[in-house]
Amino acid sequence: MEKITIKINGKDIEALKDQSVLEVARENGIAIPALCSHPEIETQAGSCRVCLVEVSQNGRSRVVTSCNYPVRGGIEVRTDTDLVRRIRKGVVELLLSRTPDAPVIQKLARENGIEGSRFFVDEAEHYRNRCIACSLCTQVCEEVVGVSAISMLDRGRDKAPGTPYLKPSQACIGCGACAYACPTEAISMIDEGEVRKIWGREFKMLTCSVCGKPYIPEAQVEWIVKTTGKDRSFFDKCPDHR
Amino acid sequence: MDNRKLQSVKEFESYRTKIAESRKDEYPVIYVCGGTPCLAKGSRAVAHAFKKEIESQGLACKVELRHKVTGCQGFCSKGPVVSFGNDIVYLEVKPNHVPEIMEKTVKNAQVIDSLGYKDPQTKKRSASFEGIPFYSHQKGMILKGLREIDPLEIDDYIARGGYASLVRAFAMVPEEVIDLIAESGLRGRGGGGFPAGAKWKSCRAVDSEVRYVLCNGDEGDPGAFMDRSIMEGNPHAVIEGMIVGAWAVGAHHGYAYIRDEYPLAVKVMKKAVEDATAMGLLGRNILGTGFDFDIKITRGGGAFVCGESSALMRSIEGKVGEPRAKYIRSVEKGLYDLPTVLNNVETWTNVPLIVNNGAQWYRKTGTQGSPGTKVFSLAGKAVNTGLVEVPMGTTIRELVEKVGGGIRGGRKFKAVQTGGPSGGCIPESLADLPIDFDSLSKAGSMMGSGGIIVMDEATCMVDVAKYFISFLAEESCGKCSPCRDGLPRMKQILTDITEGRGKEGDIELLEELCEVLSYGALCGLGSSAPNPVLSTIKYFREEYEAHIRDKRCPAGVCRELVTFRIDADACTGCTLCAKQCPQACITGERKKAHVIDQSTCIKCGVCRDVCKFDAVRVE
């Protein structure tokens, strides 16, 4: 990998070509708020637009998403210009009006000096609960888990993740990676005894032979055995007792 | 079919000479326009009448109902259009005109002026393309082919010089072709106006075994039908341009992405690709040069966003048509992440013209920064509407007043909206602005793909902004938050303003949201979406203020804010409004002033529209 030097907020910083601005900033202790980026995802969708920064090169400056902007030698990044702050604040206010109940959005709003959304909040919208339609869940399901049980459905304001035709999906293994990845905790996953409820399905959980705690859906074990060839007996014990 | 395959450039040239020879003594052709508007106005019956008349008189004359084979003769508002070669054109032709046309024009070469165009000012009639302002102020570089060529007959295209640019291009090295296109100054007709030569050059410069050449035929703007008409009317010109482009950038596979709402365009383009392949103009070893290039037709599913380049590419790949961040450009990583050149239908159609006639010839038309012509679909309140082509740099006023014949009903010209839903409104005061890529962007609008909507004084600009923002909110793909969540908020504020709930600060809030979209949205559709709002605030702020402060709609459009009254002095008591009122709330004696009962009036505006004495006032 080619080593390059870039500037972030006036400071010279070493980076590798094609790393994202966000990655370089975080490695160097420079905070940029972001919701939908995830290190395990190959191509960051850049849909939440919270991680905006200003990048200038050859005298030209533009606002870009830091999560998927590839660094090049000689670029200058500013994470705190007036313009960036204004646009980020606007984006967060829009997210707040969409998901007023999501704690992470409320926190972002406070950090950006927003006291409450000035926009009309439609009660009917609350069915979406806390989802900001960033598609991270579906990316994780496809790229990390590899089952593609959920995808983004519909378009515009109705866009939301879901199983095909909103029917229980046979492809889902109940692993819950979508729920763990979700930045706004919008995906409902309920573990009750030996049953996990997610995406309209119930999954039987396997219990640990040592502590007796249900810890993994059987469907997930089958999937791992099938795709990795790992021995089934490996899952007799939970990670704490292996 | 293989026996038609032409093996070399020489064979192609002699084939052309042969068909051109055989067509010398052809009988006259009567072109009956079969574009959608003409069909709606009864052109099928007109064509049928011609056929019957020819059969009964035993004449050797060929009638082509152009809808079977092509689109548009352009003058949609005066259809059905019937034309004879390059000279004579009859408008609003009815089946009962046919015997007279046969007798006078076909048999005796006489022109029937009464079937021509009546100038609204001079009342003079003319039936020649030259004598009709709608046609005479146009320059038909692109549209000429649509009016003359049978799109289902590849021979017809070849006989008129089609595919000649391939011979020229193959005689050049690819870099020379790119230089030629760069010199011509051709800019992308899809909206952005990016220089085509520069795009091709960067694509060729990328080190890759595979490159793609794509045609964007996903014309999604409401009221735009330029690309559809070209694909339906002259498909081989599009294909020819793509082959030249493929040769120049070194691509061997191409796709034409056509929206499925254009079934005729899909059909015609498919046949054209098949015919060109059968003749050896597409496929393996084109004309024996060793160059391979094929084109596949992909049908779009109807999402507006798929007209955006990166969404279009995902859609061709079979994925959900969503835009991606374009920090790495499509010429480097486009279709299947390989170097790709995407140009729109009209851009490709310009390419053969440039290769055949040279860059200097091309630059003679248009302006320094935007050479060539531009095809527009002229719609709205102009007298004459339809598909038009004018040199770049023509002023808005020339387009509206000369080609468009001014505003209908003697009303005042207020503004034009250019560039589709994410374009902007330009006021009459700036109508002397030349239409080219740069002037329009500077004025806060854009060229877009070429929709022009003419607006008169009875158009409310807040209502216009609301209409376009509603369209965009509906069509937002929903991937990024500013566009997905910002547009519905803007729509809500605009709705409040037009329904009398506007409050101080709304304009500023709209401007704030516009900035968030301009800078924050992921793709070009999102970042240009504020244009309708920003341009109307910029040029018509007082209209917004009247709605918000005085709860008044100056143009008399926003129902919640207007009252319809009959001016007793102007009313002649003709009773027309009373007869037409759907609520039957207009009363009055014949020949005496009428009155509207405000308690039941639904403010539909029918009374104002039908009144011949301008007696219905909107307050």
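The listed peptides B:582-589, B:513-520, ordered by packing as a protection proxy, come out as B:513-520, B:582-589 (highest mean of other Cβ atoms within 10 Å first). Less than 5 angstrom separates the built amide H of residue B:212 from those of B:340, B:341, all sequence-distant by 5 or more or on a different chain. Between residue A:16 and residue A:227, the FRET efficiency estimated from the beta carbon spacing at R0 = 22 angstrom works out to 0.10. Taking the DSSP beta bridges with both ends in the stretch A:3-80, the antiparallel portion is around 90 percent.
Rounded to the nearest 5, the antiparallel percentage of DSSP beta bridges internal to chain A is 95%. Positive-end ranking of A:195, A:219, A:172 along the dipole of the stretch A:136-241, with charges on Cβ about the Cα centre, is headed by A:172. The charge dipole of the stretch B:485-594, taken about its Cα centre with unit charges on the Cβ of Lys, Arg, Asp and Glu (plus for the first two, minus for the last two), comes to roughly 740 debye. Taking 0.36 nm per residue of separation and subtracting the current Cα-Cα distance, fully stretching the chain between residue A:241 and residue A:76 would add 54.5 nm. For the stretch B:409-422, the Karplus equation 6.51 cos²θ - 1.76 cosθ + 1.60, evaluated at θ = phi - 60°, returns couplings of x, x, 6, 8, 6, 10, 6, 10, 10, 10, x, x, x, 9 Hz by residue, with Gly and Pro reported as x. Of all beta bridges that DSSP places with both ends in the protein assembly as shown, some 70 percent have antiparallel geometry.
Hey, quick one: spin label on residue A:5, modelled 7 Å out along Cα-Cβ, who in the stretch A:72-87 has an amide N within reach, i.e. under 18 Å? Within reach of a label on residue A:5, which here means backbone N under 18 Å from a point 7 Å along Cα→Cβ, the stretch A:72-87 contributes A:72-78.
Under the convention that each Lys and Arg Cβ holds +1 and each Asp and Glu Cβ holds -1, the size of the dipole of the stretch B:332-490 around its Cα centre is about 200 debye. Under the classification rounded if a/c is under 1.5, otherwise prolate if a/b is larger than b/c and oblate if not, where does the stretch A:5-122 fall, given a ≥ b ≥ c as square roots of the Cα gyration tensor eigenvalues? Prolate is the answer for the stretch A:5-122, as a/c is 1.5 or above and a/b outweighs b/c. The distance between label points at residue B:176 and residue A:115 comes to 7.2 nm (points 7 Å beyond Cα on the Cα→Cβ vector). Taking amide H positions as modeled 1.01 Å from N, with prolines and chain starts lacking one, no residue 5 or more places away or on another chain lies under 5 Å from residue A:46. In this Cβ point-charge picture (+1 for Lys and Arg, -1 for Asp and Glu), the protein assembly as shown has a dipole of about 1260 debye about its Cα centre. Ordering B:540, B:376 by the number of other Cβ atoms within 10 Å of each residue's own Cβ, fewest first, gives B:540, B:376. Dipole of the protein assembly as shown computed with +1 at Lys/Arg Cβ and -1 at Asp/Glu Cβ about the Cα centre; of B:9, A:233, B:174, farthest Cα towards the positive end is B:9.
Using the Cβ-Cβ distance between residue B:271 and residue A:154 with R0 set to 35 Å, the FRET efficiency works out to roughly 0.50.
Residue order for B:528, B:441, A:209, fewest other beta carbons within 10 angstrom first, comes to A:209, B:441, B:528.
Look at the stretch A:46-54: the mean tally of other chain Cβ atoms within 10 Å of its residues' Cβ atoms is 4. The H on the amide N of residue A:195, modeled in the peptide plane, is under 5 Å from the matching H of A:205, each at least 5 residues off or on a different chain.
For the stretch B:317-366, applying the loop criterion from DSSP together with a ceiling of 14 other beta carbons within 10 Å to the GluC sites (Glu not before Pro) yields B:317.
Loop-resident GluC sites (Glu not before Pro) (DSSP state other than H, G, I, E or B) in the stretch B:95-158 with no more than 16 further Cβ atoms inside 10 Å of their Cβ: B:153. Judged by the ratio a/c of the largest to the smallest principal axis of the C-alpha gyration tensor, the stretch A:156-242 counts as prolate, that ratio being 1.5 or greater while a/b is larger than b/c. Per-residue shielding of A:87-97, expressed as the average number of other chain Cβ atoms within 10 Å of the residue Cβ, stands at 6.
Each label point was placed 7 Å from the Cα along the Cα-to-Cβ direction; for residue B:576 and residue B:9 their separation is 6.6 nm. Counting neighbouring beta carbons within 10 Å and listing from fewest to most, the residues A:199, A:223, B:348, B:361 come out as B:361, A:223, A:199, B:348. Per-residue mean of foreign Cβ neighbours for A:148-155 is 3 (Cβ atoms of other chains, 10 Å radius). Working from the pairwise distances between different alpha carbons, so that the mean of 1/r is found and then inverted, what is the stretch A:77-218's Kirkwood radius in Å? Computed over the stretch A:77-218, the radius equals 17.1 Å.
Distance between the pseudo-spin-label points of residue B:364 and residue B:567 (7 Å out from Cα toward the beta carbon): 5.2 nm.
Treating r as the C-beta distance of residue B:609 and residue B:296 and R0 as 41 Å, the FRET efficiency rounds to 0.25.
Sequentially through the stretch A:15-32, phi angles give Karplus couplings (6.51, -1.76, 1.60; θ = phi - 60°) of 8, 9, 3, 6, 5, 7, 4, 4, 4, 4, 4, 5, 4, 9, x, 9, 7, 10 Hz, Gly and Pro residues having no value and appearing as x. By the equivalent-ellipsoid construction on the alpha carbon gyration tensor, the protein assembly as shown comes out with semi-axes of 51, 39, 26 Å, ordered largest to smallest.
By the helix-only formula, in which each DSSP H run with n ≥ 4 contributes -39500 (n - 2.57) and the sum is divided by residues, the protein assembly as shown has a 222 nm mean residue ellipticity of -9500 deg cm²/dmol. Toward the positive end of the charge dipole of chain B, with +1 on the Cβ of Lys and Arg and -1 on the Cβ of Asp and Glu, the farthest Cα among B:313, B:429, B:510 is that of B:429. Judged by the gyration tensor of its Cα atoms, with axes a ≥ b ≥ c, chain B is oblate; a/c meets the 1.5 cut and b/c is at least as large as a/b.
Laboratory data are not the source of any read-out in this text; all were calculated from the coordinates shown. Bear in mind that the values here come from a model prediction, so they are computed numbers and not experimental data. Glycine also receives a Cβ, built like all others from the backbone with ideal geometry; neighbour counts cover every protein chain displayed.
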